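Enquirer: Questions regarding the structure given below will be posed in turn.
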Amino acid sequence: MEPIDEIDLPFQTLAAIHESAVDAILSVDELGVIKTVNPATEILFGYTKTELVGENVSMLIPSVGCEQAGRLSARVDELRSLAKIGVGTELTARNKGGTSFSVHVAVSELLVNGREGFAVFMRDHACIKRFEEQQESLGRIIEESLNETYILDASDLHFVLVNLGARKNLGYSLSELAEMTPVDINPKFSLAGFQELVKPLLQGLNESLQFETEHVRKDGTTYEVVVNLQLSSFRSRSVFVATVLDVTELKLAERRAHQHQNEMQDELKRQVALKTEELRCAQDELMRSEKFSTLGKVAGGIAHEIRNPLNAVKTSAYFLLNAKNPSTEKVREHLERIDRQVSTVDNVITALADVAIMPEANLCPVAIEPLLRTVISSLRLPENLDVVFLFEEGMPEVMIDERQIAIAFRNLIRNARDAMPDGGVLTVGSKVSALQVVFSIKDSGVGIASENLKDIIEPLFTTKARGMGLGLSITRAIVEKNQGSLSVDSQLGVGSDFRISLNRGDVKKV
């Protein structure tokens, strides 16, 4: 490696430090000869580093040069004078193309190992002017903004600057505000409270703070504001910059909208209450109509079911009262007829009572197969009716009220018997699922028309010549009270399949 000239070392070090500077920086010796330049110098003047190093600085700043030995050289006294100015001055420079332009020049004097030198800093004055114009323009924008802008000292919280929008809204002059702090225009804050509020900004925990509060004007009136507060610097000191938006009109509009919304909600509630009352009245009227309609159907059914037995009783009673010397057999015959007809009437009354008052089910695990066999054996089935049992093996118990479910199955088996007046097959089976056991009472009888299927389980609906249509509705009520369900499939001329689904007794409900 070649040895480095110790005299040149400070100049090389200075160039390395300022390699990334945006200003043009040159180091020159005591004769004004350029020793180093940074990239910004090349950009500003259009010369390469090779073209500049070794040349006199006066080629760039002719005003500091003079003719010496047939060439322009820098006047060292001029450079020394510029160094004493300190803050710099405006001079005319010339680029590689020969174009003159204004630059701001600042010179610092160097003394290294007894040798004098200079550091020359230059900036295009047009850039400075643009920056100043931008600052002035920005200042005007902030000053004339309708939003309020405050700059306050971070140490004592006194206002440093307050823009025109804030001064107009508050009614204070700039001189009055200079003696004030945010506490003087905010009745909700104390000095200690405001200092506590801005701690996160001072500690670097937050970049900004936003909050809603009130400002009080000089005349004592208040207005609602949203404040955005940031920590910044202004003229080399820490300041808080507060941008304040007067939201009085916005809040007023919000309150009006909220009030309007509440009024609309109140009106809606009133309308709902009114319509609900109208609906309740209509429903009551409908229920009264339905009750009268149902009462007519029930009365008709009861009249039909009771009138015939009563007529038979009346006939037999008349015979017994008016017959002269009737035989013992005739008396017994009529008494037995009276007994049968009274039983028929009693069954009708019992059925009506079962519909009106259905007690709660007492559920417990019950083996259903023996129950079904018992129900079937208790009914008088014709000889031309075959009963087939198709129970799955290992059928679990079901959760039921045994007495109630016995009534339900009895009704279904009786209906199946009546549907096969000329005989047929009654199939009683079961199918086990994970949660339930489905029991099927299937007949090969006359079946049910499709248009009647949806009504067949409804109270007072029947397709029989005799009967009130209460059997299936009672059956459904019993099954539902036992937490089960009743369904039916039927086809005319093929038969019907009534299915009761009941919960298994060995499965716990989740």
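Enquirer: Report, by residue number, each residue of the stretch 208-217 that is surrounded by 13 or more Cβ atoms within 10 Å (Cβ to Cβ) and free of Cβ contacts under 8 Å to residues at least 40 places away in the same chain. Step through it out loud before you land on a result.
Expert: The first filter runs over the stretch 208-217 and keeps only residues surrounded by 13 or more Cβ atoms within 10 Å (Cβ to Cβ), leaving 209, 213-217.
Correct list: LEU209, THR213, GLU214, VAL216.
Enquirer: For LEU426, are the conditions met, namely being within 17 Å of GLN491 (Cα to Cα), surrounded by 15 or more Cβ atoms within 10 Å (Cβ to Cβ) and more than 53 Å from the chain's Cα centre (by Cα)?
Expert: yes
Enquirer: Additional query: Could you please find all residues in the stretch 170-183 being under 21 Å from PHE211 (Cβ atoms) and surrounded by fewer than 18 Cβ atoms within 10 Å (Cβ to Cβ)?
Expert: The answer is MET180, THR181, VAL183.
Enquirer: Now for a different question. Inside the stretch 171-196, can you point out the residues that are more than 19 Å from LEU245 (Cα to Cα) and not in a loop (DSSP other than H, G, I, E, B)? Walk me through how you get there before you give the answer.
Expert: Going residue by residue through the stretch 171-196, those that are more than 19 Å from LEU245 (Cα to Cα) are 173-176, 178-180, 190-193, 195-196.
Passing the criteria: LEU174, SER175, GLU176, ALA178, LEU191, ALA192, GLY193, GLN195, GLU196.
Enquirer: May I ask you to list pairs of residues, at least six apart or on different chains, whose Cβ atoms are under 7 Å apart, with the first in the stretch 104-121 being within 15 Å of ALA93 (Cα to Cα) and the second being among the hydroxyl-bearing types (Ser, Thr, Tyr) and modelled with pLDDT under 85?
Expert: Qualifying pairs under 7 Å: VAL105/THR89.
Enquirer: Another question, then. Inside the stretch 230-255, can you point out the residues that are over 19 Å from ALA166 (Cβ atoms) and in a loop (DSSP other than H, G, I, E, B)?
Expert: Within the stretch 230-255, ARG235, SER236 meet the criteria.
Enquirer: Given the options GLY65, GLY32, GLY88, name the one that is surrounded by 14 or more Cβ atoms within 10 Å (Cβ to Cβ), more than 60 Å from the chain's Cα centre (by Cα), modelled with pLDDT under 70 and of a type in the set (Gly, Ala, Ser).
Expert: Values: GLY32 fails: modelled with pLDDT under 70; GLY88 fails: modelled with pLDDT under 70.
When all the criteria are applied, what remains is GLY65.
Enquirer: When the stretch 479-496 is examined, which residues are found to be modelled with pLDDT of 85 or more and crowded, with 18+ Cβ neighbours inside 10 Å?
Expert: The answer is VAL479, LYS481, ASN482, GLY484, LEU486, GLY495, SER496.
Enquirer: What are the residues in the stretch 357-403 that are touching a Phe, Trp or Tyr at 6+ places or on another chain (Cβ under 6 Å) and at pLDDT below 85, if any?
Expert: If the condition is that a residue be touching a Phe, Trp or Tyr at 6+ places or on another chain (Cβ under 6 Å) and at pLDDT below 85, then no residue fits.
Enquirer: May I pose another question? For GLY220, state whether it is surrounded by fewer than 18 Cβ atoms within 10 Å (Cβ to Cβ) and in a helix (DSSP H, G or I).
Expert: Here the answer is no, as GLY220 does not meet what is asked.
Enquirer: Still on this structure, I have one more. Any chance you could count how many residues in the stretch 371-393 are within 58 Å of the chain's Cα centre (by Cα), assigned to a loop (DSSP other than H, G, I, E, B) and in contact (Cβ under 8 Å) with a residue 24 or more places away in the chain?
Expert: Qualifying residue count, the stretch 371-393: 2.
The values are calculated or read from the model by the stated rules, or taken from the named source; none is laboratory data. Being a predicted model, the structure only gives us computed values, none of them experimental. Cβ: placed from backbone, ideal geometry, glycine included. Neighbour counts: every protein chain shown.
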